[in-house]
Amino acid sequence: MTTTARKPYTSDLTDEQWAILEPLVPPQKSGGRPRTINMREVINTLLYLNRTGCQWDMLPHDLLPKSSVYDYFAKWRSDGTWQRMLDALRAQVREKEGRDATPSAASIDSQSTKTTEQGGERGYDGAKKLTGRKRHLLVDTLGLLIAVVVTSAAVDDAAAAPRVFAQATKERCPRLAKVWADGKYHNHRLSAWLQENRPWITLEVVSRPADAKGFVLLHRRWVVERTNAWNGRSRRLSKDYERRTDSSESMLRVSALHLMLRRLAPGPKAPTFRYRPAA
């Protein structure tokens, strides 16, 4: 479980952050050969990839190779580990902020993004005039990710919303009672689905004022827009580079995990850049 010492990257976990995340890492299965890989380096490699946007095959040689890391990424994508980590850290961040562990209100919205020649599901968003995918996010009032679904960009927001709300179960979000959304979610079919499957959730549409011009800060809706901006700090999320939509969802969860770890245990501040005075 030891690795050769290397120069740290700014995306690496600090000792305090690893102490928070380590209990959430799935233990080795009983039987078989002992685990020899350093799990902290697995997470560090994924955080580097997510933050810098590099290709799997072009990871720095002092980090773990794709052959070692991708298996964990894919396994945790399939068995729900990323989501369980997300839920656990979100509860810790909320409690640190003086809130209840689970949210009582949330915001939902989508973000269209371009895809690459990698292939996979994609479609045309006529409103945004782009071909790619949509990221449908449900976040709490702090902007922390609750649920995410990635679809073709051609899928209407209201049509994808049931898949998002399906993740907000009573077990995961026992207090969730209100969700704010924009006019795209004013949909009779969605309302009927919520009434039948999530009757405890009230969907409130926050509309843009009719006489508004330019940018307008809309009540409660701006929170999910800020989360989209946070995701933009990770270059892996500048476009959708993944072949599979569930891999896209997992990359969004990885980005959210990194953000919450930094809230729980802020690392050392980077020195302020200053231009060298002219001679």
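Among the residues of segment 26-38, those identified as open to solvent by less than 80 Å² (accessible area, probe 1.4 Å) and in contact (Cβ under 8 Å) with a residue 24 or more places away in the chain are P26, R35, I37, N38.
All of (1) within 21 Å of D87 (Cα to Cα); (2) modelled with pLDDT of 95 or more; (3) surrounded by 13 or more Cβ atoms within 10 Å (Cβ to Cβ) hold for A19 with one exception: (3). Scanning segment 22-57 for residues that are of a type in the set (A, V, I, L, M) and more than 17 Å from R263 (Cβ to Cβ), we see that the one that is modelled with the lowest pLDDT is I37. Residues of segment 167-197 that are acidic (D, E), surrounded by fewer than 17 Cβ atoms within 10 Å (Cβ to Cβ) and in a loop (DSSP other than H, G, I, E, B): E171 alone. Restricting the first member to segment 186-210 and to residues that are closer than 21 Å to P103 by Cα, and the second to residues that are open to solvent by 60 Å² or more (accessible area, probe 1.4 Å) and assigned to a loop (DSSP other than H, G, I, E, B), the beta-carbon pairs closer than 9 Å and six or more apart or on different chains are W200/K170; L203/H186; E204/R220; V205/H186; V206/H219; V206/R220. A single member of V155, V139 is of a type outside the set (S, T, Y), surrounded by 19 or more Cβ atoms within 10 Å (Cβ to Cβ) and touching a residue at least 40 places away in the same chain (Cβ under 8 Å), and it is V139. Check segment 104-115 and report whether any residue there is without any contact (Cβ under 8 Å) to a residue 12 or more places away in the chain and open to solvent by 10 Å² or more (accessible area, probe 1.4 Å). No: segment 104-115 contains no residue that is without any contact (Cβ under 8 Å) to a residue 12 or more places away in the chain and open to solvent by 10 Å² or more (accessible area, probe 1.4 Å). Screening segment 17-111 for helices (runs of 4 or more DSSP H) wholly inside it with 3 or more residues that are basic (K, R) returns the ranges 66-79, 81-96. For segment 226-268, name all the residues that are surrounded by fewer than 24 Cβ atoms within 10 Å (Cβ to Cβ) and in contact with an Asp or Glu (Cβ under 7 Å, 6 or more places away or on another chain). Result: T245, A265. In segment 44-56 there is no residue matching the filter, namely being over 22 Å from N231 (Cα atoms) and surrounded by fewer than 17 Cβ atoms within 10 Å (Cβ to Cβ). Beta carbons closer than 6 Å, at least 6 apart along the sequence or on distinct chains, pair a first residue in segment 170-185 that is touching a residue at least 40 places away in the same chain (Cβ under 8 Å) and of a type in the set (A, V, I, L, M, F, W, C) with a second that is assigned to a loop (DSSP other than H, G, I, E, B) and open to solvent by 60 Å² or more (accessible area, probe 1.4 Å) for W180/R220. Among the conditions (1) touching a Ser or Thr at 6+ places or on another chain (Cβ under 7 Å); (2) open to solvent by less than 60 Å² (accessible area, probe 1.4 Å), the only one that E121 does not satisfy is (2). State whether the residues of segment 62-72 include one that is open to solvent by less than 60 Å² (accessible area, probe 1.4 Å), within 18 Å of E242 (Cα to Cα) and of a type in the set (G, A, S). No; the residues of segment 62-72 include none that is open to solvent by less than 60 Å² (accessible area, probe 1.4 Å), within 18 Å of E242 (Cα to Cα) and of a type in the set (G, A, S).
Residues to consider are V164, V148; find the one that is under 18 Å from the mean Cα position of the chain (by Cα) and part of a helix (DSSP H, G or I). So the residue among V164, V148 that is under 18 Å from the mean Cα position of the chain (by Cα) and part of a helix (DSSP H, G or I) is V164. Of the residues contained in segment 81-103, one or more are found to be open to solvent by 10 Å² or more (accessible area, probe 1.4 Å), at positive phi and either more than 16 Å from the chain's Cα centre (by Cα) or modelled with pLDDT of 95 or more (or both). Restricting to segment 226-261, name every residue that is closer than 18 Å to S107 by Cβ and among the basic types (K, R). Within segment 226-261, R226, R253 qualify.
The values are calculated or read from the model by the stated rules, or taken from the named source; none is laboratory data. Keep in mind that this is a model prediction, so the values were computed, not measured. Backbone-built Cβ (ideal geometry, glycine too); neighbour counts: all protein chains shown. SASA here: full protein model, heavy atoms, side chains in, ligands and nucleic acids out. Shrake-Rupley method; radii C 1.70, N 1.55, O 1.52, S 1.80 Å.
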